[in-house]
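Below you'll find the structure, written out as C-alpha cells, and then a few comments.
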Amino acid sequence: MPAPAPSGLDPRLPVLVGVGQLNVRVDRGDEPLEPVAMLAEAARRAGADAGVGERLLARVDTIDVVDILSWRYRDPGALVGARIGARPRRSRLTVAGGNYPQTLVSQAAVDIASGTADVVLIGGAEAWRTRSAARRTGDELAWTVQDDDVAALFAGLEPDDRVELLDELPASVALRLMRGLPARERDMTAGILGYPPGSIGRRMSPEFVALRANLTAGQALSVVTQRLADAETVYTLPVTDDQRAAYVAASAAVGGCSLFCIGDFHREGRESADALRADERQQQTPFFILGGLR
C-alpha cells in the first residue's frame, strides 16, 4: 500500500518520485551492457534519486518498456524486474513509435490514480553502438535470449539432446540458450554438462527411473508406474546399489527381452562392456524385465 499522503492531498495522486539515466560509451572504454542490464542500472539510479533505493524497487508492480530495436526480448520488463528484485504483476512492451514514452507516462498516471498500480517503472534502452562494434569484429554477444521460437525449441528438447546440441555451438551462444531455460530444465541440463565429454553420463538423460537391487518384480512395477510422468523412457531401467552406482539394466522390447550392461554412471575408467559379464553373473544379479514376452 502507498505511504500516507500529507493532509489535504489525494493519496492516489500520481507523483514522479525518482529519475535515473545511464550512458554507456563503449568507444571510451565502458563495459558493454545489453539493454535490460542498462534498464536495470537506470532503475537503481532512480531508486537512489528517490532516496529509498532498493525498498522502492522492491515495490514496483508494473514495468513499462519502450520498444527495443537493438536486441529483441519477448518480455524485457520481466527480465528487468528479476534484476532489480521486483515482482511486477504486469509488464508491458510498446511497438515502435516516437510518442510512446509520453503515452506510458500518461497511462501510469491513470493506473496509479485508479488504484490499478502503486509503483510504476518506465524505461527504454538501446545498444546500437555495441551491436555495430560486435558485427565489425565478428564477436558473439552473450546477451539474454528470449526469442519465442528459439527458446521454445531449445526448451522442448530432452536434456541429453540439449547437451548434444550445446557441444556443437559457440560458448557464447550456448550460454544465451541456457539462460533462457526454466530453472528445472536448466539444472538438469547443467547436471549432464558436468560429466566429462565422451563419457556415458554426457549422453544419458537424467529423466530415468532407477530401481534398487532388493525390489521384487511387483515392487519394481509399482515404482515405474508412479514415476511414468517424470521419465523420458522406461524401456531401460538401471538397477543401482546404495551408492547409486548402476551395475545392470533391464531392457524391454515388444515380443522379446534382453539383458545388457551399462556400466557405472559415476566412476571413470570402467568400460561398459566389461562392467558385468551377464553369462557369468546372471544367476547372482537381480534384474527386472518389463514388456511383452514371446
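Brief remarks follow.
- Peptides 82-89, 31-38 ranked from most to least packed, by the mean per-residue count of other Cβ atoms within 10 Å: 31-38, 82-89.
- Relative protection proxy for 18-30, 108-120, from highest mean packing down: 108-120, 18-30 (other beta-carbon atoms within 10 angstrom).
- Ranked by the mean number of other Cβ atoms within 10 Å per residue, highest first, peptides 66-76, 134-144 order as 66-76, 134-144.
- Pairwise label distance in nanometres, VAL110 with GLU31, each label 7 Å out on the Cα-Cβ vector: 4.0 nm
- 25 °C / 0.890 mPa s Stokes-Einstein diffusion coefficient of the range 15-146, Kirkwood radius on C-alpha pairs, µm²/s: 160 µm²/s
Read the figures in this text as sums done on the coordinates, not as results from a lab. Owing to the predicted nature of the structure, the values given are computational and were not obtained by experimental measurement. Cβ sites come from the backbone with ideal geometry, for glycine too, and all protein chains shown count toward neighbours.
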